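Here is the structure we will look at, set down as structure tokens.
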Amino acid sequence: MTADAPVRRLSGVGPKVAERLAGLGIHAVGDVLLHRPSRYEDRTRITPLAELLPQTPALVVVRVEHAEVRMGRRRSLMVSASDGSAWLGLRFFHFGSGQQARLAPGAWLRVFGEPRMAGYQLEMVHPEIEVVADAAAGHAITPQLLAIYPTASGVTQARLRDMADQTLALMARDDFWPEILPRDLSGPALAMTARQAVERIHRPPVDADLAALIEGNDPACRRLAFEELLGHQLGLRARRRQIRADKAPAMRDAGRGLAPLFEGLGFSPTGAQRRVIGEILADMSAAAPMLRLVQGDVGSGKTVVAAAALLTAVDNAWQGAFMAPTELLAEQHHAALTGWLAPLDVPVWLLTGKKKHDEAAREAIEAGRPGVIVGTHALFQASVVFGALGLAVIDEQHRFGVDQRLALRNKAAKKGRAATTAHQLIMTATPIPRTLAMSAYADLDTSVIDELPPGRTPIKTVAIPNTRRDEVIARIGQAVADGRQVYWVCTLIEASEKLEAQAAEAAAEALADALLGVRVSLVHGRMKAAEKAKAMNAFKAGDIDVLVATTVIEVGVDVPNASLMIIENAERLGLAQLHQLRGRVGRGSVASHCVLLYKAPLSDTARSRLSALRGTNDGFAIARADLDLRGPGEVLGTRQTGAATFRIADLVRDADLAEAALAVADDVLAYHPREADALITRWTSAAENYAQV
């Protein structure tokens, strides 16, 4: 049996169990070895009953003194047992006649469980029990730290331990779990072999540091974490090579149409915008697909950069698709791009999930007519056929699933053209720390717009308890009296459009009552697209003083006269989302403020989030703090999209190992191709899909 054999080859694993194991990421026999225990039970000693502590699991040896079935609210088998030093109750709610017979008075038991107070004595509910011959037999144990695994419905700890035992036994064969790191690699993390590391994680010696094993700082964890990080890097880079081997439309005349675009903007692009546009156009001029990630903080002007790339595609007789995460944003981007590109005779079409599509536009898109198509997930629909897709721009990429992003890039040119892969430009306003970006997006080139347009003023952020709500409302009145506009953002614990809409409506009504003469309006997710657009346009035109909104205004709205934002229940939002929301103000030359209205008491995490936001306006500093607080899966969006996560490694904890893997990945690919393939196979079966973005 080999490590890549289906897990059903293991004894006791049938079709149903295999299906449940798949939910744990266990598909092949070798995956069992990479299913890391979440904790360990200390079964190294027998604890006298007199030394038991509540909520501290322990292994004990006792004699049954009395047993009876009690009816009460729930029928239960209650056993009173002793070891001579104290008494212990054992309670079972699920039992049969056989178990009842085994727990008769006089029986000796070896018991493991977590004691808790029940009246005046300690009790264990449904502990693990083993009937033994006598006290001496009960004390004859093999000391061990027993692994406890993450499990799923229908998959017991006993099943997982048995599978681990079977798989560890297979490691006696040299070809089952070979050493696949190149021999010329060295370092403290490589002090033990992969086999030794796997053995230690599943069956640790009794003197092992349990805290280090659980937290991932044990040498065995670090050895496997380095191998996983390297395998992940190699998989991403191999995927990049594969994609770059595809053909893409070489846009040789890149940039000839940009001068009139810049003249029509009404402002001059920043140096950072011009630099990033140059990097993009250089990519698009090649016959290999562009794979570029553009990071830019809130308000840095990523849409202008996208417009330059889209215009270049159209100038070269290709189509460009711009995909936004929400219908509201798609409409706003459509309006902005139309304003910039329509004067240059570039058609800009809008396709959304709720709009009845213009058949003429669909026909033009399918026929390959050069132009720009803006949309949401509707762009993925099979009915949307691109005749000449040359560029796909994806905004706020972590909001889309892997399969969706891949589907848009794979809508190759049709209608008589040679098969091509579209150039791909991914844009995010969520800055990603360098190590995380290099580890998660090694298949992408990265550009950073690190300069805000001139005239922007730093936003001052304060956190205020909601007991001072009246003071905040008075401050809104003063801002409006000074000719400024205000956002009031409503948030809820549960992501329910209906409840959010109700909260926003109530807030708008309360503000209108408290601020006589102030024009208050409303935007939430349950409004029709036309209603939302009307309210947003009125706010932008200055016809509304206070806009009460849900988090639908998180990204994309640009109202320079809005200088005050109040975020209600700010403690309920993540750091990155708070930063995105705050970025809706500070877009003009007037001093801007963001008020974080919170409900006390704050948790430690919420306090850290609000403190980080008050301390800086730097998106990269915010991103680093967010990474520390939430972990890489949340920052990248992989937890929401179901993309691959690491089995052993953690990009925050193992940042030094990630740097080491980055440093050697290219050499391993170049000089050790066989080992590289083996590392990719072992570690990136799921992550490979993520790399195809």
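Note on Leu24 and Asp470: the model spin-label points, each 7 Å out from Cα along the C-beta direction, lie 5.8 nm apart. With r defined as the distance between the Cβ atoms of Phe93 and Ala382 and R0 fixed at 56 Å, what FRET efficiency is calculated, to the nearest 0.05? Taking R0 as 56 Å, the efficiency between Phe93 and Ala382 is 0.60. The alpha-carbon of Lys599 sits under 18 angstrom from the alpha-carbons of these aspartates and glutamates, leaving out residues fewer than 8 places away in its chain: Asp470, Glu471, Glu494, Glu500, Glu568, Glu571. Cα centroids of the stretch 212-249 and the stretch 12-49: 24 Å apart.
Angle of helix 469-481 to the longest C-alpha principal axis of the chain, folded into 0 to 90 degrees and rounded to 10: 10°. Counting neighbouring Cβ atoms within 10 Å and putting the fewest first, the residues Ile459, Ile432 line up as Ile459, Ile432. Principal-axis analysis of the Cα atoms of the chain puts helix 619-630 at an angle of about 20° to the longest axis.
Fully extended, how many nm does the chain gain between Thr142 and Ala5 (0.36 nm per residue separation, minus their Cα-Cα distance)? Working shown, then result.
Numbers: separation 137, 0.36 × 137 = 49.32 nm, distance 3.21 nm.
Roughly 46.1 nm would be gained on extension.
Could you order the peptides 62-72, 664-674, 312-322 from most to least packed, using the average number of other C-beta atoms within 10 Å per residue? Before the final figure, lay out each step's value.
Numbers: 62-72: 13.5, 664-674: 15.5, 312-322: 24.5.
My ranking of the peptides, most packed first, is 312-322, 664-674, 62-72.
If one computes the Cα centroid of the stretch 601-626 and of the stretch 125-175, what distance in Å separates the two points? The distance from the Cα centre of the stretch 601-626 to that of the stretch 125-175 comes to 43 Å. Counting neighbouring beta carbons within 10 Å and listing from fewest to most, the residues Asp604, Asp650 come out as Asp604, Asp650.
Packing, as the average of other Cβ atoms within 10 Å across residues, places the peptides 110-118, 295-303, 33-41, 131-139 in the order 295-303, 33-41, 110-118, 131-139, highest first.
Between Asp165 and Glu279, the simple spin-label model (points 7 angstrom out along Cα→Cβ) gives 5.5 nm.
Spin-label pair Ala538-Ala135: with each label point 7 Å from Cα along the Cα-Cβ axis, the two points sit 8.5 nm from one another.
Helix 157-170 axis versus longest C-alpha principal axis of the chain: approximately 90°, rounded to the nearest ten. Basic side chains Lys and Arg get +1 at the Cβ, acidic Asp and Glu get -1 at the Cβ, and with that the dipole of the chain about its Cα centre reaches some 1100 debye.
Sorted on the mean count of surrounding Cβ atoms within 10 Å across their residues, most packed first, peptides 220-227, 140-147, 244-251 read 220-227, 244-251, 140-147. Translational diffusion coefficient of the stretch 45-142 at 20 °C, 1.002 mPa s, Stokes-Einstein with Kirkwood Rh over Cα pairs, in µm²/s as a whole number. D = 160 µm²/s. Neighbour counts of C-beta atoms inside 10 Å place Lys16, Lys540 in the sequence Lys16, Lys540, starting with the fewest. Where (1) 43.9; (2) 34.3; (3) 37.0 are the candidate values, the label of the one calculated here for mean projected area of the Cα convex hull in nm² is (3).
One Cα centroid belongs to the stretch 81-119, the other to the stretch 250-325; the line between them spans 72 Å.
Laboratory data are not the source of any read-out in this text; all were calculated from the coordinates shown. Since this is a predicted model, take the numbers as computed values, not measurements. When we count neighbours, we look across all protein chains shown, and the Cβ atoms used for this are built from the backbone with ideal geometry, even at glycine.
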